[in-house]
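Shown next, in C-alpha cells, is the structure this report addresses.
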Amino acid sequence: QVQVVESGGGLVEAGGSLRLSCLVSGSIFSIDSMAWYRQAPGKQRELVADITSGGSTNYADSVKGRFTVSRDNAKNTGYLQMNSLKPEDTAVYYCHARIRFSRDYVFVNYWGQGTQVTVSS
C-alpha cells in the first residue's frame with residue numbers, strides 16, 4: 001500500500017522559512033514527477049512547484065526566487081524549501097507524486113493529506 005505523507009508545516013512570521021517534506025512509502029518501482037500544490041480557504045488548488053525524475057523544476061510566478069523544490073530519489077522523498085514567506089502563502093500544502101509500479105510506462109497519481117502553513121503578518 002502506497003502512502004504519500006507531508007510534514008514540516010506550521011506557523012511562521014512573515015519573512016521566515018519552512019521546509020516541507022513529502023515521503024512516499026510502499027512497494028513502488030519509481031517516482032516520476034513530484035509536485036507541490038496549495039489551497040487557501042475559498043480558493044482553488046494551485047500548482048506551486050514541480051520536479052521531474054531528472055531534476056528539472058518549474059515554479060509558479062508567485063514563488064519564484066523564494067521557494068526551492070528538490071528531491072532525494074534514494075529516500076523517495078521530495079522537499080519544498082520556502083523562504084521569505086508572506087501572509088499570502090498561507091494555505092494547505094499538498095504533495096503529488098506520479099508513481100510507476102513496474103517497468104511498464106503506466107503511472108498512478110497519488111496525493112498526500114496536506115500540511116497547513118500559516119504565515120502571520
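Going by the structure shown, is D32 open to solvent by 50 Å² or more (accessible area, probe 1.4 Å) and of a type in the set (D, E)?
Criteria not met by D32.
Please go through region 35-57 and give me each residue that is over 26 Å from S102 (Cα atoms), open to solvent by less than 70 Å² (accessible area, probe 1.4 Å) and without any contact (Cβ under 8 Å) to a residue 24 or more places away in the chain, ordered by number.
Correct list: L47 only.
For the subset of region 91-106 comprising residues that are open to solvent by less than 60 Å² (accessible area, probe 1.4 Å) and either among the hydrophobic types (A, V, I, L, M, F, W, C) or in a loop (DSSP other than H, G, I, E, B) (or both), which member is farthest from S53 (Cα to Cα)?
Ranking the candidates gives A91 first.
So, V2, is that one in contact with a Ser or Thr (Cβ under 8 Å, 6 or more places away or on another chain) and over 22 Å from V108 (Cβ atoms) or not?
When the stated conditions are applied, V2 does not pass them.
Just checking, how many residues over region 64-89 are more than 22 Å from S27 (Cα to Cα) and either at pLDDT below 95 or in contact with a Lys or Arg (Cβ under 9 Å, 6 or more places away or on another chain) (or both)?
Total satisfying the criteria: 9.
Confirm whether K86 is more than 15 Å from the chain's Cα centre (by Cα), open to solvent by 40 Å² or more (accessible area, probe 1.4 Å) and over 12 Å from W36 (Cβ atoms). Explain how you work it out, then say what you get.
Values: more than 15 Å from the chain's Cα centre (by Cα): yes; open to solvent by 40 Å² or more (accessible area, probe 1.4 Å): yes; over 12 Å from W36 (Cβ atoms): yes.
Spelling it out, K86 is indeed more than 15 Å from the chain's Cα centre (by Cα), open to solvent by 40 Å² or more (accessible area, probe 1.4 Å) and over 12 Å from W36 (Cβ atoms).
Considering only residues that are crowded, with 21+ Cβ neighbours inside 10 Å and more than 15 Å from S53 (Cβ to Cβ), which ones fall in region 73-83?
Passing the criteria: L80, M82.
The values are calculated or read from the model by the stated rules, or taken from the named source; none is laboratory data. These numbers were taken from a predicted model, which means no experiment stands behind them. Cβ: placed from backbone, ideal geometry, glycine included. Neighbour counts: every protein chain shown. Surface accessibility is based on the protein's heavy atoms, side chains included, excluding ligands, DNA and RNA. Shrake-Rupley method; radii C 1.70, N 1.55, O 1.52, S 1.80 Å.
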